[in-house]
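A short worksheet on the structure shown next.
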Amino acid sequence: ETGVTQTPRHLVMGMTNKKSLKCEQHLGHNAMYWYKQSAKKPLELMFVYSLEERVENNSVPSRFSPECPNSSHLFLHLHTLQPEDSALYLCASSQGWNVEQFFGPGTRLTVL
Amino acid sequence: QKEVEQDPGPLSVPEGAIVSLNCTYSNSAFQYFMWYRQYSRKGPELLMYTYSSGNKEDGRFTAQVDKSSKYISLFIRDSQPSDSATYLCAMNREYGNKLVFGAGTILRVKS
């Protein structure tokens, strides 16, 4: 595997379900990000982790819970989501700040 | 007012045309400017990266930044059907980890 990978690629869940999104970067980077991309809206930064510590939490509802167990892996735990949470969730990584962020292919989430 | 404004399009052009994509922004603290390309069902990939004002060229792509007008542009010469994608502008402050994105412009290049 190369670059940034995300699983699953597609996820359909009910509002009462609990699920997790997984991201893995194979680039040796020290920062990882979660973004939300909704139709016709800008990418919204959700969380930033630097050296496995959360450095940014962009006023995201508590039904989204991130976890970064090491510098290569990032999870987004989901519970009691709402239909408006349906979107493409993108993971990215970078080596430091103000440099290129490499994105994964995203997880297309549908909340019924 | 949004921090970054970008016309969503779609912009349809014939193959071989010169394409101009633009973003305006309101925050004068932005110093780093990027253009990402996103194909359908893929994540964004970085095309161009510039710091402060000026031009940068890479093959058929030219990025321009005019900080006095808070306006950035991406030009694509000799456009190809494979250039059909959504183009996202993004920018960042001098010190920070928070990229601010435009909503993206859908480009369609017809053969």
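The values are calculated or read from the model by the stated rules, or taken from the named source; none is laboratory data. Here the structure is a predicted model, which means the values were calculated and not measured. So basically every Cβ, Gly included, is an ideal-geometry build from the backbone, and we count neighbours across all protein chains shown. Keep in mind that these areas ignore ligands, DNA and RNA; they rest on the heavy atoms of the full protein, side chains included. Shrake-Rupley method; radii C 1.70, N 1.55, O 1.52, S 1.80 Å.
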So residue B:46 ticks every box in (1) under 21 Å from residue B:15 (Cβ atoms); (2) within 10 Å of chain A (Cβ to nearest Cβ); (3) touching a Phe, Trp or Tyr at 6+ places or on another chain (Cβ under 6 Å) but one. Which box is left unticked? (1)
Among the strands (runs of 3 or more DSSP E) lying completely within region A:15-112, list those that include at least 1 residues that are free of Cβ contacts under 8 Å to residues at least 40 places away in the same chain and within 13 Å of chain B (Cβ to nearest Cβ). A:44-50, A:53-57
With the requirement that a residue be open to solvent by 70 Å² or more (accessible area, probe 1.4 Å) and either at pLDDT 95 or above or not hydrophobic (A, V, I, L, M, F, W, C) (or both), what does region A:13-25 give you? A:16, A:18, A:19, A:22
Considering each of B:111, B:79, B:53 in turn, give the residue that is more than 27 Å from residue A:36 (Cα to Cα) and open to solvent by 70 Å² or more (accessible area, probe 1.4 Å). B:111
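Answer yes or no: is there a residue in region B:83-98 that is part of a loop (DSSP other than H, G, I, E, B) and either away from chain A (no Cβ under 11 Å) or under 15 Å from residue B:9 (Cα atoms) (or both).
Filtering region B:83-98 for residues part of a loop (DSSP other than H, G, I, E, B) gives B:84, B:94-98.
Filter once more, so that each one left must be either away from chain A (no Cβ under 11 Å) or under 15 Å from residue B:9 (Cα atoms) (or both): B:84.
Yes - at least one qualifying residue is present in region B:83-98.
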Please go through region A:1-12 and pick out each residue that is open to solvent by less than 40 Å² (accessible area, probe 1.4 Å) and within 12 Å of the chain's Cα centre (by Cα). A:4, A:5, A:6
Can you tell me which of B:69, B:12 is away from every other protein chain (no Cβ under 14 Å), out of contact with any Ser or Thr (no Cβ under 9 Å at 6 or more places or on another chain) and either surrounded by 13 or more Cβ atoms within 10 Å (Cβ to Cβ) or not aromatic (Phe, Trp, Tyr) (or both)? B:12
